Structure formats: C-alpha cells, structure tokens
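One structure below.
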Amino acid sequence: MGIRTIMRACVPCVFAGLMALTGCSAGSNESSDAEPASALDPSSPVQIELWTYYNGTQQQAFEDLVKEFNEGRGKELGVVVTSSSQGGVNDLAAAVTDSAQELVGSEAMPDAFLSYSDTASVIDGLGRVADLAGYLTDEEKALYVESFLDEGDIDGNGSLKVFPVAKSTETLQINATDWQVFADATGSTLEELSTIEGITEVAQRYCEWTDAQTPDVAGDGKPFFGRDAMANYLITGSKQLGHELFDVEGGVCTFDIDRDTMKALWDNYYVPMVQGWFSAEGKFRSDAVKTGDLLCYVGSSSSVVYFPQTVTLDDETSYPIELAALPAPTFADGEPCAPQQGAGFVVTKSDEKRETACVEFLKWFTAKEQNTGFSVSAGYMPVTKEALTLENLEAAASGSDGSENYSINLPATLETIEAGVYANRPFDGGVDARAVLESALSDKATADREAVVSAVAAGASPEEAAAPFLEDRVFDEWLEDLTARLKATTA
C-alpha cells in the first residue's frame, strides 16, 4: 500500500475514533453568554499578570489573544490581563521558583504562569498553588479531554492545579521520498512500522540494503531510525508492557523495574544502535534526516514543523523530500500508550477575585475558536473535545501559513491521542529521575556504537565487532546501574 493511500485510509477511522472520544457534541466552553463570576466587578477591574515561555510566533499569537480578551470578554467581566515571556522553559521555571521562595532579587509571583507538572509540584509544596477544581462546574470539566485535565491533578485527589491549554504527543515522521525507493526495492510496508519490533526489523533490512549498494565497501550500511526523547521511550514502553516505571502514590515514587520489560526496551534500541541500524546523530533526529543519514524518527508531534523539506548530501547535491507521518509505534503485545506533553497554566494562590479572574481568562482562552487558532499556530493540539477533531483542525490549518507539515501529521497525532496518552504524576526527585532515563540508555548505546565502528576500522567484521556488546551480561550490568541511579534520585 502506498504512502498516500494509507494516510488517506487512516482519516475516516481516526475521525470515527475521535467522535467516539468526544461524543456527538460537547458543546462549547465559550463563556461570553454566561453571567459574570460573582467575585468580579466590571466597575472595579482586576489586573492579572501571566508569565510564559512563549517566543516568536507563539508569543505574538498569545499576545494577540490577550488583547482580544481585554477588549471583549475581559471588559465585560472586569479583568485586565498582562503577559510577559521569561525566556525559555527552564528560565521560567527558575524565575517562578525564585519568586515562590521570595529570594532576594526575585520578582513578585505572577498571578499565573506556564508550567509542567514537576515544577508545579515544587511550587505547590511551598503552598503557592491554587486548586482550580472548585472554579469549574462538572459540565465545564466535561468539555475537556479527560486525560488532559487528569494531568493537572498533581495530588491525585481530584484537584486541578495545572490548567491544560495546548498538548502534544509523539508521532513517527518519515522521509516519504526515500522510503518509497527502499519500499519498492524490498517490499517493505508502512504497516510494519506500527510496532516497535517492526521498526527494528525494517531498520536491519534497510541497513543491509544500503550496504549492498556498495558491494566493494563492507559495513557501510546506513541507519534507518532514531528517537528524540529517550525518557518517553522508557516510560511509555514500560507502561505498554504492563509496568509503570514511575509508580507514584501520594508524591512518593516506587520504581517498577521489570527485567523482561527492560530487556524488550534494550533489544529494540540498544541492540539496533550498536549494530548501526539506528542512530542518534545531531541535536535532534530531524538534523540527520536533513543530511540523508536517517530515514525516520519518533519525535514530538509539535516538532513536525521542523521536518526538513530537502535532503542535502553535500554542497552540490540536494533534493526535495515529502513528509509522511504515522501514529507512535507500540510493542506488538503491548497496550497503546504514547507520551502526553505540553505545559499548562498554574494559578498562584491569592484571593477569590484574582483566582476567578485567572480562571475566566483560561476558560475563554481554551474555548474552541481561540484555542484552535492558537494551537494550530503553535503546532499543538487544543484541549477540548469539541476542538480536538480532524474536521476542525484541518479547516483551521488550511488557512494558516506554513501548516502543510502540521496537516500531514494531524491524522497520526489524533490517532495516537485517541489510542491512549500518558503522563506520570510528579514526585520528589522526578526531574532528576527523568534526566537519568534520558541519558542512561542512549549514552551507552552511542558510546558502544563508536567502539564497534573503531573495531571495524581496525579490521574486525561488523559481526565480530558487535558481538561482545550483545551478550546478556552487558544488559544486566546496565540494568543494575540504571536501577541504582534511579533509586538515588529519591533517596
């Protein structure tokens, strides 16, 4: 089946699945027709300050919506919003943490700020986060995708401390032009790429096929696949196979490290890496696609806007390529599970009037029209059931500049979300534990691949060079080290 055929075939089933997710009609959370919240008074407006890490087009789109709110719904309610970007994600997290601790030289806390759940949990531990659950009716909560709201329940008790505003997941992004050449020559199919094991098998086939193109040069086969986020792979891969790697209860994490599960993850990343079927070249895997050194990768659905339009082999050789996208792959015997990503707004604990003002803005911002436009411009997904449909997002993307990649990736993104997305609850040491996962497997695989390449250059065959790294003892030593490093993060 050709790329265009399979992508078109996906559209009806994705749309049907999302209709099942959203119901026939979720209504709208547009609040312009509602009575102003009782704590607010149009004759005595309250000004609230928001901090974001938005930059460039995202910042401009957000500021445009803030202006629209102030001139319309905000004026009706008596709410004036101001916003400022604090730089990048880490800059904002540091600024908010300093403010919450009232460190010398820090600014006063904003009324609301963008945050991931880990940072929100730290600020909540300082007693500075408002619980917004009581500010929304059950009917209003029902408008949002359940898993998006659930991620904001960082306590696990029905709270809402991170208000969702835009989300993403992961998809498989493919150089469709060069894939077709390979597929025609080998009979490989896109259906094989639906499973993690299938990708490994195809990657071996691709490496051997490219090696055979130069029979006078042994061992110069090219890698097929890579991953941008290794922590996502280990966390969601474990959950697919029935084990929650970060099993969090009451803010305390127990590491569920199952040997068989970790071996499956090892066999489908480390093993193909050391044999040259996978690679991790470049800061992001799209860099290697651009140079022709990689054919596809799993990356954030929001990053698809950076997928290259051309492959540049050298200063004199380049050619255009097309993008194809498939849902995030799953282990053959696993339950579908992909990462749920995207920061939300945290409201600083203050008084009813200021907290109400923040919630009114967030409800307006996440209403269908506003949230769809912002999400498409930022490369993300809106957070209400009514907005999260193929029809709505295709219509919005069709009128946006530079949205071709977004539109191509859209069915795969929606199908991934509909199949099941996941975000672990925050815990003390969670940031450090995730950092361990991000580097533990990839760093070893990269270092050992370099050792294999050096051995081949010294005269060993590729099989002889890789053999010492494929023994079970290598895995067991790595697993023992990983377990110790994870446990140390919560000691």
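The values are calculated or read from the model by the stated rules, or taken from the named source; none is laboratory data. The model shown is predicted, which means the values in this text are computed figures rather than measured ones. Ideal geometry is used to build each Cβ from the backbone, glycine not excepted, and the neighbour counts take in all protein chains shown. Keep in mind that these areas ignore ligands, DNA and RNA; they rest on the heavy atoms of the full protein, side chains included. Shrake-Rupley method; radii C 1.70, N 1.55, O 1.52, S 1.80 Å.
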### Task
Give a residue-ordered list of calculated ³J(HN,Hα) values for region 139-145 (Karplus: 6.51 cos²θ - 1.76 cosθ + 1.60, θ = phi - 60°; whole Hz; x for Gly, Pro).
5, 5, 4, 5, 6, 8, 4
#### Entry: Accessible surface of region 408-491 [probe 1.4 Å, protein heavy atoms]: carbon and sulfur percent
51 percent
### Taking the chain and dividing mean pair separation by its residue count, relative contact order in percent (alpha carbons under 8 Å, at least six apart)
24 percent
### Task
With a 10 Å radius around each residue's Cβ, average the other Cβ atoms per peptide and rank 83-94, 284-295, highest first.
284-295, 83-94
### Query
Once amide H atoms are built 1.01 Å from N in the peptide plane, which residues 5 or more positions from L323, or in another chain, come under 5 Å H to H?
A176
#### Entry: In region 217-325, lysine pairs closer than 25 Å at Cα, eight or more apart or cross-chain
4
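Residues of the chain: accessible area per residue at 1.4 Å, in Å²?
Heavy-atom accessible area per residue stands at 43 Å².
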### Task
Quick one: which residues, 5+ away or cross-chain, put their amide H under 5 Å from the amide H of K385? H built at 1.01 Å from N.
Y144, V145
### Message
Compute the distance from the alpha-carbon center of region 426-491 to that of region 233-290, in whole Å.
### Response
11 Å
### Estimated [θ] at 222 nm from DSSP helical runs (n ≥ 4, -39500 (n - 2.57)) normalised by residues in the chain, nearest 500
-14500 deg cm²/dmol
### Task
Would you give the gap between the C-alpha center of region 136-158 and the C-alpha center of region 307-371, rounded to a whole Å?
18 Å
### Query
Dipole of region 405-454, Cα-centred, from +1 at each Lys and Arg C-beta and -1 at each Asp and Glu C-beta, to the nearest 20 debye?
20 debye
### Structure-derived Cα extents along the principal axes in Å - corresponding label in [x] 57, 56, 46; [y] 82, 51, 42; [z] 75, 43, 40
[y]
### Message
Which residue, F475, L414, A288, has the largest displacement toward the positive end of the dipole of the chain when charges sit on each Cβ (Lys, Arg +1; Asp, Glu -1)?
### Response
L414
### Task
Can you tell me the dipole magnitude for the chain around its Cα centre, using point charges on the Cβ only (Lys, Arg +1; Asp, Glu -1), in Debye to the nearest 20?
480 debye
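Mind checking the dipole of region 226-289: about its Cα centre, +1 per Lys or Arg Cβ, -1 per Asp or Glu Cβ, Debye to the nearest 20?
Taking the Cα centre of region 226-289 as origin, the dipole is about 240 debye.
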